[in-house]
Amino acid sequence: MAASTVDGEVEVFTLPFKKSRNLKLRSVWGMGKELYMFQSQIPHKEREESQRSSSESKIFDVQWNAEMHDIARKLVNETHNIFVILQGQVKSLSQSILYSQLRKASKQYRAVLKACSMELMQIADSCTDESKKLKYEEHIQEFEMVQLIWSLCEILFIDVAPGGLVLTSLLDWLQWHFQEGKQLATKVIHSDQPCEHPQYWEAIYRLLLQGDTENVRKLLALNVYSHSDSFIAADEVLKKMPRWTYQHAQSVAEYEMKWRHWREECVRRYEAAQFAAYPELETIVQVLCGDEAVFKDLKDCCETWYHLLVSKLLYQNPTCRIQDLTYEIKPCQAVYSNSSPQIQELDNILQAALEFDLHQVIKDSCTFLSNRSWWFVSHLADILHHCGQLDPQELPFGSNLREYLLLEYATSLMAHKSLYQVGIDYLDFCPVFGRSYIEAYVERIPLETERKAHKILHICLERDLLVQAQSICKVMGMKCLKQERFGSALSWFLKSKDATVIKQVTDRFLNEYCEEGKFSHLDLIDHLGPSMLITNSLTFLAKYREFHTFYNNGDVKGAVNLLLSLISSRLAPKFFWMTMLMDALPLLNLPEVVFNVSQTYELLHCLEELQRDGTSNYKNLKETEIEKLKLLRIALTRNLANAILQERSVRTVSIS
């Protein structure tokens, strides 16, 4: 067997099957990323060999990428709520209000991602096991890459800046995801002699390339030569650097004019050799002038081509429109030629995003990041779909890209024992195939406990999946029946409304009464309500219990009428007739006559019918029961005589 790993490599593992020319390896899909592997007989082989091999066959449950650490579980659960709320807003809100909610949801997703990433960092720092720590670091790296891609897509496709002026958002993106400059600056500031620190100028260059001129000025002020003319001049040009913000009431043309004047001043001062005494200051001013060569020299401070791209735009073309980003990619990539395969995969995704090829972004992300989970691509595609950025065209199998990714994500969740409810919620929002997926999955979820069965039953009833609900009730009812828990079995079968099985359970109740002389689960029988009408046997059970209630409460007339009604209706199975006749014995021995002539004849007719049919219950009576039967026949004969006399006396009195 083989399974792909996180890095796209193939991991091979062996299943302990016996080799045989008469057997072949077969598999059946389980839940999500799960296969059941087993051997089966090749057709047209000898029957004896088939019987031997089947008796020795084993089934192996093969799962891959099934592990989910606690932080990933937290990510799934917290973003699930964001997703469900967003889908409700999509249906109810107008288009203009919806866009603001989509931007809000995107930021909420990123906030949860960041919180999970920080929590993973804390766990990794405190972990002493090297192998576990390595795994945590892999998870952290994956989370960081997802954040990097998502935040860029948010800038380009979700929270698009007015007029397409994208640089301010890209600078925030840099400062959010590239923290080395700030960390290095903090380290330098807290040293004994900051300007003597070996990484003093590197910290300044890193901050400058991210547009953080305020902190650059603070670091320059710590230099022992900060009061010299060159340092003062550098501070002045840094301070004068114009900034584009949407809050300021200025047009793009006005900002461009200010920026050109500022840049001309930088060039003039540089050409006047105001910074010649300090080569490092010259490098700073060269960056401010947008000199192409200096960016190549400082490529190590940028680390990646997309960092370099934003840095160059800041000092060369700060009013670059979003559609112009594509033309800046190749020159920046050429500066960084050698990269690891993993970095190249990430580069391809970011390049596709900057080239506005969303389908390629999602395709590469599926290949590169979805080995563990489809979380990222499914949620990003959902938001992009609602923003109108994804092509709504149907895929060959009949659904669009959003639904395909949600189906894959939900499928991966269904493989986890505690996340199937979350997976079903995602399937609810897949209009084409979601319902059929739910129908298929709920029938395959293992029903280990009654609590879990009730949860799944509730899921089915909420969605009007009546066939699946009935199937769950039958399965649980049969489990209870095998465990001889007749009350629970009847409760489940009542929910399934399966008349055939309900009759079997009812007969078990009656058998139990025949053997022990009492019912178990009286609370269930007493509260059947309208359910008693599902089958005749259930109706009989409820009415027979009602007969005992009448008798115990001293309502002889009600008990007699109900018992005769049950006997004459023939609702009871024949093995229970003898029990009902025995129930009549104490009523026949009462001082007053409670059975009239016709009722007594009905009892005698029932007794004669039992004798004539020769049922097993009648044949296998014990001596004590035979004695009771004799007493019953005597009591019936005596009651018939008394009833005849009483009915005649009543007529005589009425005639006179």
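The values are calculated or read from the model by the stated rules, or taken from the named source; none is laboratory data. If you're wondering where the values come from, they're calculated on a predicted model, not measured in any experiment. Every residue, glycine among them, receives a Cβ derived from its backbone with ideal geometry; neighbour counts consider all protein chains shown. These area figures cover heavy atoms from the full protein model, side chains too; ligands, DNA and RNA do not enter into them. Shrake-Rupley method; radii C 1.70, N 1.55, O 1.52, S 1.80 Å.
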| message | Considering only the range 520-533, I want to know if a residue exists there that is open to solvent by 70 Å² or more (accessible area, probe 1.4 Å) and more than 38 Å from the chain's Cα centre (by Cα). | response | yes
| Where residues in the range 401-417 are within 14 Å of LEU75 (Cβ to Cβ) and of a type outside the set (A, V, I, L, M, F, W, C), which of them is modelled with the highest pLDDT? | TYR409
| note | Picked from the range 405-433 (must be surrounded by 21 or more Cβ atoms within 10 Å (Cβ to Cβ) and not hydrophobic (A, V, I, L, M, F, W, C)), the residue nearest to LYS455 (Cα to Cα) is TYR420
| query | When you look at PHE595, is it in contact with an Asp or Glu (Cβ under 9 Å, 6 or more places away or on another chain), within 19 Å of ASP507 (Cβ to Cβ) and open to solvent by less than 30 Å² (accessible area, probe 1.4 Å), yes or no? | reply | no
| query | Of the residues that sit in the range 449-458 and are more than 10 Å from LYS479 (Cβ to Cβ) and among the charged types (D, E, K, R), which one is surrounded by the fewest Cβ atoms within 10 Å (Cβ to Cβ)? | reply | ARG451
| said: Tally up the residues in the range 169-201 that are under 17 Å from CYS153 (Cβ atoms) and open to solvent by 40 Å² or more (accessible area, probe 1.4 Å), please. | reply: 2
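Please go through the range 244-275 and pick out each residue that is in contact (Cβ under 8 Å) with a residue 24 or more places away in the chain and either more than 28 Å from ASP172 (Cβ to Cβ) or not aromatic (Phe, Trp, Tyr) (or both).
THR245, VAL252, GLU256, ARG263, GLU265, CYS266, ARG269, GLN274, PHE275
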| said: Out of the residues in the range 264-280 meeting the condition of being open to solvent by 60 Å² or more (accessible area, probe 1.4 Å) and of a type outside the set (Asp, Glu), tell me which one is nearest to ALA233 (Cα to Cα). | reply: GLN274
| remark: The residue that is farthest from TYR420 (Cα to Cα), considering only those in the range 19-33 that are at pLDDT 70 or above and part of a strand (DSSP E or B), is LEU23
| task | Mind telling me which of the residues ALA124, ALA111, ALA161 ends up being closer than 21 Å to HIS379 by Cβ and surrounded by fewer than 20 Cβ atoms within 10 Å (Cβ to Cβ)? | result | ALA111
| Where in the range 497-569 are there helices (runs of 4 or more DSSP H), lying wholly inside it, with at least 1 residues that are at pLDDT 75 or above? | 499-516, 536-552, 556-569
| query | When you go through (1) assigned to a helix (DSSP H, G or I); (2) modelled with pLDDT under 90; (3) in contact with a helix residue (DSSP H, G or I) (Cβ under 6 Å, 6 or more places away or on another chain) one by one for LEU238, which number turns out not to apply? | reply | (2)
| said: Whether any residue in the range 226-234 is part of a loop (DSSP other than H, G, I, E, B), at pLDDT 90 or above, of a type outside the set (Gly, Ala, Ser) and exposed (fewer than 14 other Cβ atoms within 10 Å of the Cβ) is what I want to check. | reply: yes
